[in-house]
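Undergrad: Quick one: structure below, then a few questions.
The values are calculated or read from the model by the stated rules, or taken from the named source; none is laboratory data. Quick caveat, the model's predicted, so the values are computed rather than measured. Backbone-built Cβ (ideal geometry, glycine too); neighbour counts: all protein chains shown.
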Amino acid sequence: MAKLTIDGKEIEVPDGTSLFDACRDARGGEALPHFCYHPDLSVAGVCRLCQVEVEGMPKLTIACNTTVREGMVVHTRSEKVTRASTQILEMHLINHPVDCPICDQAGECGLQDQYMKYGLYDAEVEMDDKVNKGKAEVIGPYVILDQERCVLCSRCVRFCNEITGTGELGIFNRGDRAEIGTAPGTELDNNYSMNTVDICPVGALTSRDFRFQKRVWMLKAASSVCPGCATGCNVRIDHEAGKIYRLKPRYNPEVNGRWMCDKGRMTYKTVHADNRLGDPVAGGQPGTWAAVPGAVADLGAREGFALVVASPQQSLEEMYLLKALAAGSPVSGGLSDADRGEKDALLLDGDRTPNRRGLALLDIAQGDGTALAALINRATGTILIHGGDPAADPEVAAALDGKALVYIGTFDNATAALARVVLPGAMWAEKAGIFVNRDGRLQEFKQSVARHGNAREDWRILAELMAVCGREDAPGTLKAVRSELAVALGLETDLNRMPERGFVPGGDVR
Amino acid sequence: MTRSDYNILSSRFGRSDGHLLSVYQAEGGYKALRMALTMKPEEIRDVVKESGLRGRGGAGFPTGVKWGFVPQGSEEVYFFVNADESEPGTFKDRFCLDYDPHQTLEGTIISCFAVQAKLAFIYIRGEFGWLVDRCQAAVDEAYAAGFLGKNILGSGFDLDVIVHKGAGAYICGEETGLINSVVGVKGQPSIKPPFPAVSGFLGKPTIVNNVESVASVPWIINNGAEAYRKFGTEKSCGTKLWSVSGPVKNPGVYEVPLGIPFQEFFHEYLGGMVEGEELKAVIVGGSSVPVLPAAEIMSCNLDYESLQNAGTMLGSGGMIIIPKSSDMVELIQVLMHFYFDESCGQCTPCREGTGWLHKIVKKLRRGEGTADDIELLGHVCNGMAGLTICPLSDAAVMPMRSFIDKFRPEFEALIQETAPAEPVSRWPRGEQE
Amino acid sequence: MSKPVNEQNGFALSPEGAARVDKLIAQYPTKASALMPCIWVIMDEHGFVSEDGITYLTGKLDVTRARVHEVLSFYTMFRTEPQAEYTLQVCHNISCHIMGARPIIAHLEKRLGVRLGETTPDGKFAIEGVECLGACGLGPCLQLGKHLYEHLTPARIDELLESLRKGVVPRADTDRELQGKGEAS
């Protein structure tokens, strides 16, 4: 450990700590001004903003490239330091275009933020003399580049070299002609390209998907988990007035660090897809929720369901309720070979569902199309399928043909087409729940936008179905479901007080 | 061109045969190497430290001390000879390699032995294309003679030398820029720490020395530290190659002991100004040092301390003689264009500042400047000096600040006049910048 | 992940050049560190590095296109476009300026009918302004190929141009008369 004094405050940090991090701790979480420093990337030391005064050193030094030493005395707010920060910030601004009114980064821009703190000066260089570079250049399927706005912090270049190892980006030319770009004829097209948009401190790299869509200060945020694969990257859903505008990774050192993949980032789009189910459908006719109990009962479900099929897209609570609803009837977890793809070296898992481990945790077994078809054929009575699209498998579709089927789903798909009663459920972004990721980590996702049309929370639909089946133990709140679930799984953690970074039962609890 | 009063470095300058191994050996070459290989590496380091030899590229850091920074027992050590000579006004390393490549090579081998480097690069700027061939020929001769390769002269010491050609970037003269250039990335300087002696090329201990520094080593080994200290002053030991340019009667490369009075050098060696010209100012150490008006330089001695006391630096010893007929603002525009051109662009203060300084000076010369613009030049300098990864930023600031400091009236004259009807200088209209 | 635009069609090195490249890869400590000298092999043969040349380098040295492009764009002597037959690079830095570089440039512009930075329509001559060439006490000076022409005057320029127009590169000042071997130019 090393003891050092920062701005008069004595702190103790582990040996080898970066002075940049130590300063942030000493300043109550307020980081030194910076662009190029990033905790997950190598130190570049090029923006020169994080200069501090270290007693005994003749010049100011950049904190990001300084390791703490026992007895160091550091000043981060002295006149010398503040003057340097102001001057260096000015250097960043002299060729920066005044694009704020049309720049997506406004409101979450490092330059704007630093300027409000250290700047507020009159521009001294004339617009005519400004260095001009490329504007609005598409450099990949998801990313668009404005070279003039770039402050050449090199975060994006380091990301592509060090994190993805793909090396698409470079800084060409020298002096104030230097510019970020891809080599001619190449694109920034790796599956993590949008993380460069996250880490770009200014509006140089921006998302093509988000371009001109919404001013960031109008967005509300909800914590969630990406449903794209079994990794369960933690995300933040940015939304406004019922519409989701983008996903951003949420920091979780146990799961995804600060990154997520582009595929996952785009999963929000299906929430607003055209083929969403918005109203209950009975006998081919859209109807009301009021009519649902009757319609389900007419199908012969009053004694219960003959077969219940879960899906790995469901939340843990929904799977639990579904299993309870099944009572003694067979429960299938759906198709084991559906929703599979290639795993990559970083985050993307080969299992493209968010909760297959949840099925395992509740001892719900999956099977292939033949096995599921067999179960369907053996079922005498009403079948309930919750989520997924098992009828996409031709064997399953054949087996379902003519059966009394109730389908709780979100899309007008093959299974919905075969169902007598279709009940519109909520998508992951429209409800709260728990997913279990590939490492067995339970993670909570929260509701962001209102549910599409008249869709209902799935747990509520299941509770209603329980009532139809004459069950006395249908739960009244999601809270109650979670309490029961915790008991059923023998968990110590209160599932109504989920730790922010999730937890692995029996493992470390945060 | 040169006077051989002092010939530690320049004894074969001007000859047409000095580059040949046979000639070099006949005149005592590679004796020092034989002797060095019988010594211990630390003994050699001590001798060079004792001699007071300081880095001759511009930084003036004691050579023997720098060698000592390599951690003891390092397995893989690299050595780079910095022949990237691009400092405006400097052309002495070129002479060393052109006329006497074996002296530099012998110095390199001894230096490598002193730090136990097994691979050395001689990094020659791309514009010295003919010298790349010259040095390669000398290296080939050395290999053939057993001075390079495995088990040199039976000593058990192995050394390979690669002649590496640059491609036009002043910043590659900065030692970590040089190293990075050879690594195969852009030749941009690295942040320090880590320092090259501890972690440089491929993360291994690396020493970078200027040509002249390395070329001084054989004489020091042959004659001892004491003998070297007999030349120069207490803190500025030995001889220095001065590159002299400008309208003096005898421009060229001169080897003189450090400490010689400028006045003596100017009159006795350079022959004073050519007919019709008067001395106005001198930039004494390559363009990246403060300028001194004639009156001030006349009382200086040409050594590190005296020049520092006068407010400038010895630097590379690239002495640029400025005549009264020169327009100082015109000259500073030329220099500011240089730093704008050569800034590697990594760190913001230098990248933006060098461009900005050049633009403001151009504006002044177009007759569009105001008094605020002169202040602005100082303000931009303040945002550059001491705040960057490498000293290029300071290299631009030092001439800029000193030109205003010492020749302010010439800047102010441009403000008070309206845009001149005739061009201010001999430059043709519509020139490139 | 990134796909280069062209495959290796149309780019070829002479057998000597290809052999030089292989020798350099063997000599340098890492493949990537041989990038600059390999670029010089291509520059010496073709005068510039094309997109196909970049593809060749990425294949031989296991480096990305972005890296090669960075290096090519960083150094003034590396070119990515075909060059004029004779590129006359005149130093316009301080010492040469004091000694009269600008009138020399003006004279060249007059004689060739193009401005600094331009190429004659027949592609034979280009004039460029460059920074200090390391001939400060011997200026004004210009670089042509591997050599420097020094102590320039309008008359010397005229002599140089007349010779080049005939396709003969006159002996340069740096191409000294030497005894013995060891001076390949």
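Undergrad: Considering each of A:Ala295, A:Ala310, A:Ala291, A:Ala338 in turn, give the residue that is modelled with pLDDT of 95 or more and either touching a His at 6+ places or on another chain (Cβ under 7 Å) or on the phi < 0 side of the Ramachandran plot (or both). Write out each step before concluding.
TA: Details: A:Ala295 fails: modelled with pLDDT of 95 or more; A:Ala291 fails: modelled with pLDDT of 95 or more; A:Ala338 fails: modelled with pLDDT of 95 or more.
Only one candidate passes the filter, namely A:Ala310.
Undergrad: Is it true that A:Ala450 is surrounded by fewer than 20 Cβ atoms within 10 Å (Cβ to Cβ) and over 22 Å from A:Tyr407 (Cα atoms)?
TA: Taking the combined requirement at face value, the residue does not satisfy it.
Undergrad: Could you say which residue among B:Lys150, B:Lys186, B:Lys165 is without any contact (Cβ under 8 Å) to a residue 12 or more places away in the chain and either farther than 15 Å from B:Tyr30 by Cα or within 21 Å of the chain's Cα centre (by Cα) (or both)? Even if it seems obvious, please write down each step before you answer.
TA: Working: B:Lys186 fails: without any contact (Cβ under 8 Å) to a residue 12 or more places away in the chain; B:Lys165 fails: without any contact (Cβ under 8 Å) to a residue 12 or more places away in the chain.
Result of the check over B:Lys150, B:Lys186, B:Lys165: B:Lys150.
Undergrad: Looking only at the stretch A:12-50, which residues are farther than 21 Å from A:Met116 by Cα, surrounded by fewer than 17 Cβ atoms within 10 Å (Cβ to Cβ) and either of a type in the set (A, V, I, L, M) or over 30 Å from the mean Cα position of the chain (by Cα) (or both)?
TA: Correct list: A:Glu12, A:Pro14, A:Asp15, A:Gly16, A:Val43.
Undergrad: Considering only residues that are part of a helix (DSSP H, G or I) and either under 20 Å from A:Leu93 (Cβ atoms) or within 14 Å of chain B (Cβ to nearest Cβ) (or both), which ones fall in the stretch A:20-50?
TA: Within the stretch A:20-50, the subset part of a helix (DSSP H, G or I) is A:20-26.
Selection gives A:Phe20 alone.
Undergrad: Something else now. Can you give me the number of residues within the stretch C:101-138 that are small (Gly, Ala, Ser), crowded, with 21+ Cβ neighbours inside 10 Å and in contact with a Gly (Cβ under 8 Å, 6 or more places away or on another chain)?
TA: Taking the stretch C:101-138 as the starting set, the residues that turn out to be small (Gly, Ala, Ser) are C:101, C:106, C:113, C:117, C:123, C:126, C:129, C:134-135, C:137.
Imposing the further condition that a residue be crowded, with 21+ Cβ neighbours inside 10 Å reduces the set to C:101, C:134-135, C:137.
Within this subset, residues satisfying the condition of being in contact with a Gly (Cβ under 8 Å, 6 or more places away or on another chain) are C:101, C:137.
Qualifying residue count, the stretch C:101-138: 2.
Undergrad: How many residues, within the stretch A:152-164, are under 17 Å from C:Val63 (Cα atoms) and either in contact (Cβ under 8 Å) with a residue 24 or more places away in the chain or not assigned by TED's automatic domain parsing to the domain that holds A:Asn190 (or both)?
TA: First, the residues of the stretch A:152-164 that are under 17 Å from C:Val63 (Cα atoms): A:157-164.
In the following step, the residues that additionally are either in contact (Cβ under 8 Å) with a residue 24 or more places away in the chain or not assigned by TED's automatic domain parsing to the domain that holds A:Asn190 (or both) were identified as A:158-160, A:162-164.
Qualifying residue count, the stretch A:152-164: 6.
Residues are listed down the side, and each one gets a yes or a no for (1) in contact with a Leu (Cβ under 9 Å, 6 or more places away or on another chain); (2) free of Cβ contacts under 8 Å to residues at least 60 places away in the same chain:
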| position | (1), (2) |
| --- | --- |
| A:Ser224 | yes, no |
| A:Val235 | yes, yes |
| A:Lys248 | no, yes |
| A:Arg258 | no, no |
| A:Gly264 | yes, no |
| A:Asn275 | no, no |
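Undergrad: Are there any pairs with C-beta distances below 8 angstrom linking a residue in the stretch B:266-280 that is closer than 15 Å to B:Leu302 by Cβ to a residue that is in a loop (DSSP other than H, G, I, E, B) and at pLDDT below 95, with the two at least 6 apart or on different chains, and if so which?
TA: Taking only residues 6 or more apart or on different chains, the pairs are B:Tyr269/B:Arg3.
Undergrad: Separate question: For the stretch B:367-402, name all the residues that are without any contact (Cβ under 8 Å) to a residue 12 or more places away in the chain and either more than 11 Å from chain A (Cβ to nearest Cβ) or on the phi > 0 side of the Ramachandran plot (or both).
TA: Quick first cut of the stretch B:367-402, residues without any contact (Cβ under 8 Å) to a residue 12 or more places away in the chain only: B:372, B:375, B:379, B:382, B:386.
Within the stretch B:367-402, B:Gly386 is the sole residue that qualifies.
Undergrad: Looking at (1) among the hydrophobic types (A, V, I, L, M, F, W, C); (2) modelled with pLDDT under 95; (3) touching a strand residue (DSSP E or B) at 6+ places or on another chain (Cβ under 6 Å), which one does A:Met72 not meet, given that it meets all the others?
TA: Status for A:Met72: all satisfied but (2).
Undergrad: Additional query: When the stretch B:337-366 is examined, which residues are found to be assigned to a loop (DSSP other than H, G, I, E, B) and more than 7 Å from every other protein chain (Cβ to nearest Cβ)?
TA: At the first step, the residues of the stretch B:337-366 found to be assigned to a loop (DSSP other than H, G, I, E, B) are B:343-347, B:366.
Scanning the stretch B:337-366 gives a single hit, B:Arg366.
Undergrad: Being touching a residue at least 12 places away in the same chain (Cβ under 8 Å), within 14 Å of another protein chain (Cβ to nearest Cβ), touching a strand residue (DSSP E or B) at 6+ places or on another chain (Cβ under 7 Å) and not in a helix (DSSP H, G or I) narrows it down to one residue among B:Gly18, B:Gly57; which is it?
TA: Details: B:Gly18 fails: touching a strand residue (DSSP E or B) at 6+ places or on another chain (Cβ under 7 Å).
Answer to the selection: B:Gly57.
Undergrad: Quick one: which of C:Leu148, C:Leu88, C:Leu72, C:Leu133 is part of a strand (DSSP E or B), within 23 Å of B:Ala83 (Cβ to Cβ) and out of contact with any Pro (no Cβ under 6 Å at 6 or more places or on another chain)? Explain how you work it out, then say what you get.
TA: Working: C:Leu88 fails: within 23 Å of B:Ala83 (Cβ to Cβ); C:Leu72 fails: part of a strand (DSSP E or B); C:Leu133 fails: part of a strand (DSSP E or B).
Exactly one of C:Leu148, C:Leu88, C:Leu72, C:Leu133 is part of a strand (DSSP E or B), within 23 Å of B:Ala83 (Cβ to Cβ) and out of contact with any Pro (no Cβ under 6 Å at 6 or more places or on another chain), namely C:Leu148.
Residue by residue, here is whether (1) surrounded by fewer than 21 Cβ atoms within 10 Å (Cβ to Cβ); (2) in contact with a strand residue (DSSP E or B) (Cβ under 8 Å, 6 or more places away or on another chain); (3) closer than 14 Å to A:Ala183 by Cβ; (4) within 13 Å of chain B (Cβ to nearest Cβ) holds:
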{"site": "C:Gly47", "(1), (2), (3), (4)": "yes, no, no, no"}
{"site": "C:Thr55", "(1), (2), (3), (4)": "yes, no, yes, no"}
{"site": "C:Arg67", "(1), (2), (3), (4)": "no, yes, yes, yes"}
{"site": "C:Phe74", "(1), (2), (3), (4)": "no, yes, yes, yes"}
{"site": "C:Met77", "(1), (2), (3), (4)": "yes, no, no, yes"}
{"site": "C:Pro82", "(1), (2), (3), (4)": "yes, no, no, no"}
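Undergrad: Only one of these is touching a helix residue (DSSP H, G or I) at 6+ places or on another chain (Cβ under 8 Å) and either in the same structural domain as A:Arg420 (by TED's automatic domain parsing) or surrounded by 15 or more Cβ atoms within 10 Å (Cβ to Cβ) (or both): A:Ala365, A:Ala360, A:Ala379. Name it. Outline the logic, then answer.
TA: Working: A:Ala360 fails: touching a helix residue (DSSP H, G or I) at 6+ places or on another chain (Cβ under 8 Å); A:Ala379 fails: touching a helix residue (DSSP H, G or I) at 6+ places or on another chain (Cβ under 8 Å).
So the residue among A:Ala365, A:Ala360, A:Ala379 that is touching a helix residue (DSSP H, G or I) at 6+ places or on another chain (Cβ under 8 Å) and either in the same structural domain as A:Arg420 (by TED's automatic domain parsing) or surrounded by 15 or more Cβ atoms within 10 Å (Cβ to Cβ) (or both) is A:Ala365.
Undergrad: Could you say which residue among B:Thr206, B:Thr239 is crowded, with 23+ Cβ neighbours inside 10 Å, of a type in the set (Ser, Thr, Tyr) and more than 20 Å from B:Met319 (Cα to Cα)? Can you show your working first?
TA: Values: B:Thr239 fails: more than 20 Å from B:Met319 (Cα to Cα).
One residue alone meets the criteria, B:Thr206.
Undergrad: Of the residues A:Gly334, A:Gly294, A:Gly387, which single one is over 22 Å from the mean Cα position of the chain (by Cα), buried (at least 21 other Cβ atoms within 10 Å of the Cβ) and of a type outside the set (A, V, I, L, M, F, W, C)?
TA: Values: A:Gly294 fails: buried (at least 21 other Cβ atoms within 10 Å of the Cβ); A:Gly387 fails: over 22 Å from the mean Cα position of the chain (by Cα).
That would be A:Gly334, the only listed residue that is over 22 Å from the mean Cα position of the chain (by Cα), buried (at least 21 other Cβ atoms within 10 Å of the Cβ) and of a type outside the set (A, V, I, L, M, F, W, C).
Undergrad: When you go through (1) over 31 Å from the mean Cα position of the chain (by Cα); (2) surrounded by 20 or more Cβ atoms within 10 Å (Cβ to Cβ) one by one for A:Thr5, which number turns out not to apply?
TA: With respect to (1) over 31 Å from the mean Cα position of the chain (by Cα); (2) surrounded by 20 or more Cβ atoms within 10 Å (Cβ to Cβ), A:Thr5 is out only on (2).
Undergrad: Identify, please: which residue in the stretch B:77-93 is under 18 Å from B:Val289 (Cα atoms) and among the charged types (D, E, K, R) and is, among those, farthest from the other protein chains (Cβ to nearest Cβ)?
TA: So the first thing to find is which residues in the stretch B:77-93 are under 18 Å from B:Val289 (Cα atoms), and the list is B:85-92.
This time we only want the ones that are among the charged types (D, E, K, R), so: B:85, B:87, B:92.
On the way: B:Glu85: 5, B:Glu87: 7, B:Lys92: 9 Å.
Of everything passing the filter in the stretch B:77-93, B:Lys92 is farthest from the other protein chains (Cβ to nearest Cβ).
Listed here are the residues, each with its yes/no results for (1) under 26 Å from B:Ile389 (Cα atoms); (2) within 14 Å of another protein chain (Cβ to nearest Cβ); (3) more than 31 Å from the chain's Cα centre (by Cα).
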| residue | (1), (2), (3) |
| --- | --- |
| A:Leu89 | yes, yes, yes |
| A:Pro97 | yes, yes, yes |
| A:Pro101 | no, no, no |
| A:Glu108 | no, no, no |
| A:Asp113 | yes, no, no |
| A:Val131 | yes, yes, yes |
| A:Leu152 | yes, yes, no |
| A:Arg158 | yes, yes, no |
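Undergrad: Of all residues being more than 10 Å from chain B (Cβ to nearest Cβ) and of a type in the set (S, T, N, Q) in the stretch A:62-84, which is nearest to A:Leu4 (Cα to Cα)? Just the residue, please. First the steps, then the outcome.
TA: Of all residues in the stretch A:62-84, those more than 10 Å from chain B (Cβ to nearest Cβ) come to A:63, A:68-82.
The next check asks that each one be of a type in the set (S, T, N, Q); those that pass are A:76, A:78, A:82.
Values: A:Thr76: 13, A:Ser78: 17, A:Thr82: 21 Å.
Out of the qualifying residues, it is A:Thr76.
Undergrad: Does any residue in the stretch B:337-366 that is in contact (Cβ under 8 Å) with a residue 24 or more places away in the chain come within less than 7 Å, Cβ to Cβ, of a residue that is in a helix (DSSP H, G or I) and among the aromatic types (Phe, Trp, Tyr) six or more places away or on a different chain, and which pairs are these?
TA: As it stands, the answer is B:Glu342/B:Tyr170; B:Thr354/B:Tyr339; B:Thr354/B:Phe340; B:His358/B:Phe340; B:Leu364/B:Phe411, since those pairs meet every condition given.
Undergrad: Applying the selection to the stretch A:260-304, what residues are assigned by TED's automatic domain parsing to the domain that holds A:Ala417 and hydroxyl-bearing (Ser, Thr, Tyr)?
TA: Matches in the stretch A:260-304: A:Thr288 only.
Undergrad: So C:Ala34 fits all but one of (1) within 14 Å of chain A (Cβ to nearest Cβ); (2) within 24 Å of B:Phe79 (Cβ to Cβ); what number is the exception?
TA: The one condition C:Ala34 does not meet is (1).
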